[in-house]
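The values are calculated or read from the model by the stated rules, or taken from the named source; none is laboratory data. Values in this document were obtained by computation on a predicted structure and should not be read as measured data. Cβ placement follows ideal geometry from the backbone for every residue including glycine, while neighbour counts extend to all protein chains displayed.
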Amino acid sequence: MCRHASWLGAPRTLASLIHEPAHGLLRQSYRPRLQRHGTMNADGFGMGWYDAARAEPVRYRRTIPAWTDANLAGLARTARSGCLLAAVRSASAGMPIEETATAPFTDGPWLFSHNGHVAREAVRELADDAESSCDSAWLAAAVFARRRAGDDLGEALAEVVTRAGLKDPRARLNLLACDGTSIAATAWGDTLFLHLGGHPREGVLVASEPLDDRPGWQAVPDHALVLASPDGVSVRPL
Ligand code: GLN
(Lines give C-alpha, C1' and ligand atoms only; values in the text may rest on other atoms or scores of the structure.)
Protein backbone atom coordinates (compact mmCIF):
# COMPACT_ATOMS: atom_id res chain seq x y z
CA MET A 1 0.00 0.00 0.00
CA CYS A 2 1.23 3.35 -0.79
CA ARG A 3 0.39 6.30 1.44
CA HIS A 4 -1.38 9.47 0.41
CA ALA A 5 -2.60 12.71 1.98
CA SER A 6 -4.65 15.73 1.00
CA TRP A 7 -5.58 19.13 2.47
CA LEU A 8 -8.55 21.40 1.79
CA GLY A 9 -8.82 24.72 3.58
CA ALA A 10 -6.77 27.82 4.26
CA PRO A 11 -3.74 27.95 1.92
CA ARG A 12 -0.78 25.87 3.14
CA THR A 13 2.43 24.58 1.63
CA LEU A 14 2.98 20.98 0.56
CA ALA A 15 5.57 20.75 3.34
CA SER A 16 2.55 20.65 5.68
CA LEU A 17 1.80 17.17 4.28
CA ILE A 18 5.34 15.98 3.61
CA HIS A 19 8.04 17.52 5.81
CA GLU A 20 6.55 19.38 8.76
CA PRO A 21 4.43 16.76 10.58
CA ALA A 22 6.38 14.25 12.68
CA HIS A 23 4.86 11.41 10.63
CA GLY A 24 4.31 13.25 7.36
CA LEU A 25 4.76 11.60 3.99
CA LEU A 26 8.55 11.99 4.05
CA ARG A 27 8.69 9.89 7.23
CA GLN A 28 6.01 7.56 5.85
CA SER A 29 8.20 6.93 2.81
CA TYR A 30 10.64 4.98 5.01
CA ARG A 31 8.71 4.34 8.25
CA PRO A 32 4.93 4.26 7.87
CA ARG A 33 3.11 3.31 11.06
CA LEU A 34 -0.08 1.61 9.86
CA GLN A 35 0.94 0.12 6.51
CA ARG A 36 -0.33 -3.44 6.12
CA HIS A 37 1.09 -4.27 2.70
CA GLY A 38 4.75 -3.51 2.08
CA THR A 39 7.13 -2.00 4.62
CA MET A 40 8.25 1.25 3.01
CA ASN A 41 7.36 3.57 0.13
CA ALA A 42 10.56 4.01 -1.84
CA ASP A 43 9.31 3.48 -5.41
CA GLY A 44 8.54 7.12 -6.12
CA PHE A 45 6.45 10.00 -4.89
CA GLY A 46 4.40 12.86 -6.24
CA MET A 47 2.51 15.98 -5.31
CA GLY A 48 0.01 18.36 -6.85
CA TRP A 49 -1.28 21.82 -6.02
CA TYR A 50 -3.28 24.69 -7.52
CA ASP A 51 -1.99 28.08 -8.62
CA ALA A 52 -4.23 30.98 -9.61
CA ALA A 53 -2.14 31.50 -12.76
CA ARG A 54 -3.17 28.12 -14.20
CA ALA A 55 -6.48 26.38 -14.90
CA GLU A 56 -4.91 22.99 -14.17
CA PRO A 57 -3.02 21.89 -11.08
CA VAL A 58 0.77 21.80 -10.99
CA ARG A 59 1.98 18.22 -10.68
CA TYR A 60 5.48 16.96 -9.74
CA ARG A 61 6.28 13.23 -9.64
CA ARG A 62 9.46 11.17 -9.54
CA THR A 63 10.40 7.49 -9.45
CA ILE A 64 13.04 7.92 -6.75
CA PRO A 65 12.49 7.77 -2.98
CA ALA A 66 11.25 11.07 -1.57
CA TRP A 67 14.25 11.35 0.74
CA THR A 68 16.72 11.27 -2.17
CA ASP A 69 15.27 14.28 -4.04
CA ALA A 70 17.43 17.19 -2.89
CA ASN A 71 15.05 19.69 -4.52
CA LEU A 72 11.87 18.44 -2.87
CA ALA A 73 12.11 20.30 0.43
CA GLY A 74 12.53 23.71 -1.19
CA LEU A 75 9.77 23.05 -3.69
CA ALA A 76 7.35 21.72 -1.05
CA ARG A 77 8.02 24.68 1.25
CA THR A 78 7.02 27.17 -1.46
CA ALA A 79 4.21 25.33 -3.29
CA ARG A 80 1.18 26.75 -1.50
CA SER A 81 -2.51 26.20 -2.11
CA GLY A 82 -5.87 25.72 -0.42
CA CYS A 83 -6.07 22.26 -2.01
CA LEU A 84 -3.11 19.87 -1.91
CA LEU A 85 -2.48 16.20 -2.65
CA ALA A 86 0.70 14.16 -2.19
CA ALA A 87 1.63 10.47 -2.24
CA VAL A 88 4.53 8.10 -1.70
CA ARG A 89 4.62 4.78 -3.55
CA SER A 90 5.36 1.16 -2.80
CA ALA A 91 4.94 -0.53 -6.17
CA SER A 92 2.84 -3.70 -6.10
CA ALA A 93 4.54 -6.88 -7.37
CA GLY A 94 4.72 -6.85 -11.15
CA MET A 95 3.88 -3.15 -11.53
CA PRO A 96 6.28 -0.92 -13.47
CA ILE A 97 8.34 1.73 -11.73
CA GLU A 98 7.97 4.73 -14.02
CA GLU A 99 6.67 8.28 -13.71
CA THR A 100 3.48 7.39 -15.54
CA ALA A 101 2.69 4.83 -12.81
CA THR A 102 3.20 7.38 -10.02
CA ALA A 103 0.49 9.44 -8.30
CA PRO A 104 -0.83 12.00 -8.53
CA PHE A 105 -2.44 11.29 -11.87
CA THR A 106 -4.15 14.32 -13.34
CA ASP A 107 -6.81 15.25 -15.87
CA GLY A 108 -8.25 18.76 -16.22
CA PRO A 109 -8.50 20.13 -12.67
CA TRP A 110 -8.51 16.71 -11.03
CA LEU A 111 -5.67 15.05 -9.11
CA PHE A 112 -5.90 11.35 -8.22
CA SER A 113 -4.08 8.78 -6.09
CA HIS A 114 -4.62 5.10 -5.18
CA ASN A 115 -3.54 2.96 -2.21
CA GLY A 116 -4.02 -0.71 -2.88
CA HIS A 117 -4.20 -3.29 -5.61
CA VAL A 118 -6.76 -4.38 -8.18
CA ALA A 119 -6.78 -6.94 -10.96
CA ARG A 120 -6.38 -4.96 -14.16
CA GLU A 121 -9.15 -7.03 -15.73
CA ALA A 122 -11.54 -5.55 -13.16
CA VAL A 123 -10.83 -2.03 -14.41
CA ARG A 124 -10.18 -2.51 -18.10
CA GLU A 125 -13.81 -2.16 -19.15
CA LEU A 126 -14.05 1.13 -17.23
CA ALA A 127 -11.41 2.91 -19.32
CA ASP A 128 -10.22 2.86 -22.92
CA ASP A 129 -6.54 3.33 -22.23
CA ALA A 130 -4.14 4.42 -19.51
CA GLU A 131 -0.74 6.09 -19.45
CA SER A 132 0.87 3.07 -17.72
CA SER A 133 0.07 -0.62 -17.28
CA CYS A 134 0.05 0.00 -13.50
CA ASP A 135 -3.31 -0.77 -11.87
CA SER A 136 -3.45 2.73 -10.33
CA ALA A 137 -3.07 4.33 -13.78
CA TRP A 138 -6.04 2.26 -14.99
CA LEU A 139 -8.09 3.34 -12.01
CA ALA A 140 -7.12 6.95 -12.72
CA ALA A 141 -8.22 6.56 -16.33
CA ALA A 142 -11.53 5.06 -15.18
CA VAL A 143 -12.13 7.94 -12.76
CA PHE A 144 -11.21 10.51 -15.41
CA ALA A 145 -13.58 8.86 -17.89
CA ARG A 146 -16.36 9.39 -15.32
CA ARG A 147 -15.28 13.05 -14.98
CA ARG A 148 -15.60 13.54 -18.73
CA ALA A 149 -19.04 11.91 -18.58
CA GLY A 150 -20.11 14.60 -16.10
CA ASP A 151 -19.70 12.88 -12.71
CA ASP A 152 -18.52 14.92 -9.76
CA LEU A 153 -15.59 13.68 -7.66
CA GLY A 154 -17.68 11.63 -5.25
CA GLU A 155 -19.83 10.04 -7.95
CA ALA A 156 -16.76 9.10 -10.01
CA LEU A 157 -14.92 7.48 -7.10
CA ALA A 158 -17.99 5.63 -5.80
CA GLU A 159 -18.81 4.28 -9.26
CA VAL A 160 -15.29 3.06 -10.00
CA VAL A 161 -14.77 1.48 -6.57
CA THR A 162 -18.08 -0.36 -6.48
CA ARG A 163 -17.75 -1.64 -10.06
CA ALA A 164 -14.11 -2.70 -9.73
CA GLY A 165 -14.77 -4.12 -6.25
CA LEU A 166 -17.57 -6.29 -7.60
CA LYS A 167 -15.31 -7.76 -10.30
CA ASP A 168 -12.34 -8.24 -7.97
CA PRO A 169 -13.59 -8.99 -4.44
CA ARG A 170 -9.99 -9.05 -3.15
CA ALA A 171 -9.24 -5.57 -4.46
CA ARG A 172 -8.00 -2.84 -2.13
CA LEU A 173 -9.34 0.43 -3.45
CA ASN A 174 -8.46 3.41 -1.29
CA LEU A 175 -8.83 6.25 -3.78
CA LEU A 176 -8.17 9.94 -3.16
CA ALA A 177 -9.02 12.77 -5.55
CA CYS A 178 -9.39 16.54 -5.46
CA ASP A 179 -10.34 19.29 -7.90
CA GLY A 180 -9.14 22.50 -6.26
CA THR A 181 -12.30 23.11 -4.22
CA SER A 182 -13.22 19.67 -2.89
CA ILE A 183 -11.78 16.29 -1.91
CA ALA A 184 -13.26 12.81 -2.26
CA ALA A 185 -11.73 9.65 -0.83
CA THR A 186 -12.69 6.02 -0.39
CA ALA A 187 -11.78 3.55 2.34
CA TRP A 188 -11.92 0.07 0.78
CA GLY A 189 -9.49 -2.42 2.26
CA ASP A 190 -6.99 -0.09 3.89
CA THR A 191 -6.82 2.61 6.55
CA LEU A 192 -8.05 6.16 6.02
CA PHE A 193 -8.11 9.04 8.51
CA LEU A 194 -9.59 12.52 8.77
CA HIS A 195 -8.49 15.50 10.80
CA LEU A 196 -10.66 18.58 10.94
CA GLY A 197 -7.86 21.08 11.58
CA GLY A 198 -6.92 23.05 14.65
CA HIS A 199 -9.60 25.72 14.37
CA PRO A 200 -13.18 25.38 13.18
CA ARG A 201 -13.35 25.83 9.42
CA GLU A 202 -9.57 26.04 9.03
CA GLY A 203 -9.70 22.97 6.84
CA VAL A 204 -9.57 19.20 6.65
CA LEU A 205 -6.79 16.64 6.26
CA VAL A 206 -7.55 13.29 4.62
CA ALA A 207 -4.70 10.77 4.88
CA SER A 208 -3.93 7.05 4.78
CA GLU A 209 -2.62 7.33 8.32
CA PRO A 210 -2.26 10.17 10.87
CA LEU A 211 0.49 12.62 9.99
CA ASP A 212 1.17 13.38 13.66
CA ASP A 213 0.06 12.51 17.19
CA ARG A 214 -2.28 15.47 17.73
CA PRO A 215 -5.69 14.55 19.10
CA GLY A 216 -8.53 14.72 16.61
CA TRP A 217 -7.61 12.11 14.01
CA GLN A 218 -10.69 10.02 13.18
CA ALA A 219 -10.54 6.62 11.50
CA VAL A 220 -12.89 6.30 8.53
CA PRO A 221 -14.84 2.99 8.54
CA ASP A 222 -14.07 0.52 5.76
CA HIS A 223 -16.21 0.65 2.60
CA ALA A 224 -16.97 4.36 2.99
CA LEU A 225 -16.83 7.51 0.87
CA VAL A 226 -15.51 10.76 2.34
CA LEU A 227 -16.49 14.09 0.79
CA ALA A 228 -14.95 17.38 1.86
CA SER A 229 -15.90 20.80 0.53
CA PRO A 230 -16.17 24.32 1.94
CA ASP A 231 -19.67 23.26 3.09
CA GLY A 232 -18.30 20.57 5.38
CA VAL A 233 -17.22 16.95 5.56
CA SER A 234 -19.41 13.88 5.16
CA VAL A 235 -18.76 10.14 5.42
CA ARG A 236 -21.20 7.67 3.91
CA PRO A 237 -21.18 3.90 3.43
CA LEU A 238 -20.41 2.49 -0.02
N1 GLN B 1 -0.85 -0.97 -6.95
C2 GLN B 1 -0.38 0.39 -6.93
C3 GLN B 1 1.03 0.52 -7.46
O4 GLN B 1 1.67 -0.43 -7.76
C5 GLN B 1 -0.48 0.97 -5.56
C6 GLN B 1 0.50 0.31 -4.64
C7 GLN B 1 0.30 0.58 -3.19
O8 GLN B 1 -0.74 1.05 -2.72
N9 GLN B 1 1.30 0.21 -2.49
O10 GLN B 1 1.51 1.61 -7.57
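Quick check: is even one residue across region 78-85 in contact with a strand residue (DSSP E or B) (Cβ under 8 Å, 6 or more places away or on another chain), β-branched (Val, Ile, Thr), surrounded by fewer than 20 Cβ atoms within 10 Å (Cβ to Cβ) and not in a loop (DSSP other than H, G, I, E, B)?
Checking region 78-85: at least one residue is in contact with a strand residue (DSSP E or B) (Cβ under 8 Å, 6 or more places away or on another chain), β-branched (Val, Ile, Thr), surrounded by fewer than 20 Cβ atoms within 10 Å (Cβ to Cβ) and not in a loop (DSSP other than H, G, I, E, B).
Conditions first: (1) closer than 23 Å to Pro230 by Cα; (2) within 16 Å of the ligand (Cβ to nearest atom); (3) among the acidic types (Asp, Glu). Asp135 passes all but one, so which condition is the exception?
(1) is the only condition that Asp135 fails.
For region 205-238, which residues satisfy the criterion of being modelled with pLDDT under 95, in a strand (DSSP E or B) and either within 19 Å of Leu25 (Cβ to Cβ) or in contact with a Phe, Trp or Tyr (Cβ under 6 Å, 6 or more places away or on another chain) (or both)?
none
Please identify the pairs in which a residue from region 225-238 that is over 18 Å from Leu84 (Cα atoms) has its Cβ atom under 9 Å from the Cβ atom of a residue that is of a type in the set (D, E, K, R) and in a strand (DSSP E or B), counting only partners at least 6 apart or on another chain.
Leu225/Arg236
Trp67 versus (1) within 16 Å of the ligand (Cβ to nearest atom); (2) within 17 Å of Thr102 (Cα to Cα); (3) surrounded by fewer than 21 Cβ atoms within 10 Å (Cβ to Cβ); (4) in contact (Cβ under 8 Å) with a residue 24 or more places away in the chain: which is the lone unmet condition?
(1) is the only condition that Trp67 fails.
So which residues in region 156-204 are assigned to a strand (DSSP E or B) and either farther than 21 Å from Val143 by Cβ or of a type in the set (S, T, N, Q) (or both), if there are any at all?
Asn174, Thr186, Phe193, His195, Gly203
For residues that are under 13 Å from the mean Cα position of the chain (by Cα) and of a type in the set (Gly, Ala, Ser), scanning just region 183-225, find the one that is farthest from the ligand (Cβ to nearest atom).
Going through the qualifying residues, I end up with Ala184.
Could you please find all residues in region 128-162 being in contact (Cβ under 8 Å) with a residue 40 or more places away in the chain and under 21 Å from Pro237 (Cα atoms)?
Within region 128-162, Leu153, Gly154, Leu157, Ala158, Val161, Thr162 qualify.
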